[in-house]
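A.B. asks: Have a look at the structure that comes next, please.
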Amino acid sequence: MATIRGEQGSVQFDAAGSSNANIVGTRSWNLTTTKETLDTSAHGSTFRSFVGSLVSGSGTVELVYDPDASGQAAFIEDVITAADPADATFELFTTGTSSGSDSVSFAGIITDMEISSTVGELVVVSCNFITSGTITSNLQ
Amino acid sequence: MAAADLNTIRATIEGRLATELANSPAIPVVFHNMSFDPTPDSSWVQCLTSFGSGEYLGQGSTSSAQNRIVGLVVLNIFSSKGVGPGANYVIGKRIRDLYNRVNVSGVFFDAPIGPEALAKPDAEGYFQTRVRVTFESIEEL
């Protein structure tokens, strides 16, 4: 058994969806994957029954802001892409940076970005995203 | 990106003080692990830099990661005994102004504490106050 600590994680991203690269300075990420359900209960049923339907995901990546850190600017500014074709690709790693291993990957859209500056704290950026298309899980 | 060089951080902190106290009126300054024989009835400053805890700031294990390193500078200001605190506080102001919320070479200094008068000086025959300044540096691996 091997537990994993949060600091082992990382995030890779490419706004054009061609070649993911590490974002330096990520502090946390989270992803919630949701499957819709369809009610298949028939007249006369005593108990409801369902089948699974469309799967989608959403989540957040938090950064310790550094304007010079590799990958941060492209990630933060993707939110202002007009008519976003959801061509950006994400890979969220629980540990390491080997593509396709200990990660979840998908194409998606950054839906909002929040940057905050507070006395006594580091400037941090929080970006929310939604997935678009297939979510590939390599969390085995 | 590289691991922090704590000796460089120390040199940044101490160099800033040495430069300031070399200005007129010059005041002797002594650092950790240095012998010093003060002249009676003179003013002098002792600067003690210590590093404290570190903490994770970001993800990435040993690469593409950030840590916060914190530390403390203790500045003991010694001046003539029995002549009031004024001369000592003049030095205290010079030192306080030197570090107050300053960012030098990636070392962020917080608001200083003191000068605090000590009832029992570390060096006999002097009036002593103490300024403490916490600082932090972000290590980028």
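A.B. asks: Can you work out which of the residues in the stretch B:56-112 that are among the hydroxyl-bearing types (Ser, Thr, Tyr) and in contact (Cβ under 8 Å) with a residue 24 or more places away in the chain is surrounded by the most Cβ atoms within 10 Å (Cβ to Cβ)?
C.D. replies: Here the answer is B:Ser79.
A.B. asks: Could you look through the stretch B:34-55, keep only residues that are part of a loop (DSSP other than H, G, I, E, B) and without any contact (Cβ under 8 Å) to a residue 24 or more places away in the chain, and pick out the one that is nearest to the other protein chains (Cβ to nearest Cβ)?
C.D. replies: Here the answer is B:Met34.
A.B. asks: Would you check if B:Glu20 is under 23 Å from A:Val124 (Cβ atoms) and either not β-branched (Val, Ile, Thr) or not in a strand (DSSP E or B) (or both)?
C.D. replies: no
A.B. asks: Sticking with this structure for a sec: So which of A:Ser41, A:Ser56 is without any contact (Cβ under 8 Å) to a residue 12 or more places away in the chain, surrounded by fewer than 17 Cβ atoms within 10 Å (Cβ to Cβ) and either of a type in the set (S, T, N, Q) or within 13 Å of another protein chain (Cβ to nearest Cβ) (or both)?
C.D. replies: Going through A:Ser41, A:Ser56 in turn, just one is without any contact (Cβ under 8 Å) to a residue 12 or more places away in the chain, surrounded by fewer than 17 Cβ atoms within 10 Å (Cβ to Cβ) and either of a type in the set (S, T, N, Q) or within 13 Å of another protein chain (Cβ to nearest Cβ) (or both): A:Ser41.
A.B. asks: Here's something else I'd like to know. Tell me which residues, restricted to the stretch A:99-140, are among the charged types (D, E, K, R), within 14 Å of chain B (Cβ to nearest Cβ) and in contact with a Ser or Thr (Cβ under 6 Å, 6 or more places away or on another chain).
C.D. replies: A:Asp102
A.B. asks: Give just the number: which of (1) within 14 Å of chain B (Cβ to nearest Cβ); (2) touching a helix residue (DSSP H, G or I) at 6+ places or on another chain (Cβ under 9 Å); (3) of a type in the set (Gly, Ala, Ser); (4) farther than 14 Å from B:Gly58 by Cβ does A:Gly25 not satisfy?
C.D. replies: That leaves (4) as the condition not met.
A.B. asks: To continue, here is another question. Go through the stretch B:59-79 and count every residue that is farther than 16 Å from B:Gln46 by Cβ and either in contact with a strand residue (DSSP E or B) (Cβ under 9 Å, 6 or more places away or on another chain) or modelled with pLDDT of 90 or more (or both).
C.D. replies: 12
The values are calculated or read from the model by the stated rules, or taken from the named source; none is laboratory data. Owing to the predicted nature of the structure, the values given are computational and were not obtained by experimental measurement. No Cβ is skipped: glycine too gets one built from the backbone with ideal geometry, and neighbour counts run over all protein chains shown.
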